[in-house]
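Taking it in order: structure first as structure tokens, then the write-up.
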Amino acid sequence: MGLKVGDTLSVNLLGREITAVIANLRSIDWRRLGINFTLVFAPGTLERAPQTHLAAVWMSPAEEEALVRAVTERFPNVSAIHVREALATVDRILDMIDDAVQLSALVTLAAGMLVLGGAIAAGHHWRVYDAVVLKVLGATRGAIASAFLIEHGLLGALSALVACVLGTLAAYFLVTRLIKIEWVFLPAPLLWTVGLGIVLTLVLGFAGTWHALGAKAAPYLRNE
């Protein structure tokens, strides 16, 4: 609302307009689900207005029903609101949202693995041909395997870095703009992602090039 300390604010209370001067501003963390109010008037302002008293009680579920029954029997005009069930419902909804996000992330990861595997499979023929030519030129299996491992390692590192950058940016905008909560950068998951991407690419790449290392030169050279 663009208000600051010293400004005036008028509140309509049951048809009566009350104007007050803002003495201080505060920040409320509504995620704590505690009893709080957006506006707090100074003493002597609202004493003549209709009053409603609130109280919060925490206890074990076994004792909750006994307390509610005793209070309502002693004070019939007191309304007891069970917050535990509402919090449990919110917790279940958040768990469902978390499961859906994790499922979508797994689907995205699986799609990325398929794309990466397809790219490796598409270049398998030329990789075999390169290995054959290098062996004819005198390269050893160890040198060819090292070259292929370096190639796949760079491919995995580049893919993991791109995924980390895009994932971090998407998480930042999702958390700060849509959910509007504080965003915390966690480097450990990023390092795990980079390391897992490199290892997975090396394993899949080496499995695909193992056949290339053992291919005979004559059939490929004769066809070319």
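The values are calculated or read from the model by the stated rules, or taken from the named source; none is laboratory data. In this text the structure is predicted, and so the values were computed from the model without any measurement. Here the Cβ positions follow ideal geometry from the backbone for every residue, glycine too, while neighbour counts run over all protein chains shown. In case anyone asks, the SASA skips ligands and DNA or RNA and just uses the protein heavy atoms, side chains included. Shrake-Rupley method; radii C 1.70, N 1.55, O 1.52, S 1.80 Å.
Among the residues of the range 1-49, the ones that are open to solvent by 100 Å² or more (accessible area, probe 1.4 Å) and assigned to a loop (DSSP other than H, G, I, E, B) come to 14 in all.
If I filter the range 102-117 for residues that are open to solvent by 60 Å² or more (accessible area, probe 1.4 Å), out of contact with any Asp or Glu (no Cβ under 8 Å at 6 or more places or on another chain) and outside any helix (DSSP H, G or I), do I get at least one hit? Checked against the condition, which is being open to solvent by 60 Å² or more (accessible area, probe 1.4 Å), out of contact with any Asp or Glu (no Cβ under 8 Å at 6 or more places or on another chain) and outside any helix (DSSP H, G or I), the range 102-117 yields no hits at all.
Residues considered: 145, 121. Of these, the only one that is open to solvent by 40 Å² or more (accessible area, probe 1.4 Å), in a helix (DSSP H, G or I) and at pLDDT below 80 is 121. When the range 60-97 is filtered for residues that are over 15 Å from residue 34 (Cα atoms), assigned to a loop (DSSP other than H, G, I, E, B) and either of a type outside the set (Ser, Thr, Tyr) or open to solvent by 60 Å² or more (accessible area, probe 1.4 Å) (or both), the ones remaining, listed by number, are 75, 76, 77, 78, 79, 80.
For the condition among the small types (Gly, Ala, Ser), at pLDDT below 80 and either assigned to a loop (DSSP other than H, G, I, E, B) or more than 30 Å from residue 143 (Cβ to Cβ) (or both), residue 215 qualifies.
Of all residues in the range 29-49, those that are β-branched (Val, Ile, Thr) have Cβ atoms under 6 Å from Cβ atoms of residues that are assigned to a loop (DSSP other than H, G, I, E, B) and open to solvent by 100 Å² or more (accessible area, probe 1.4 Å), 6 or more apart or on another chain, in 35/54.
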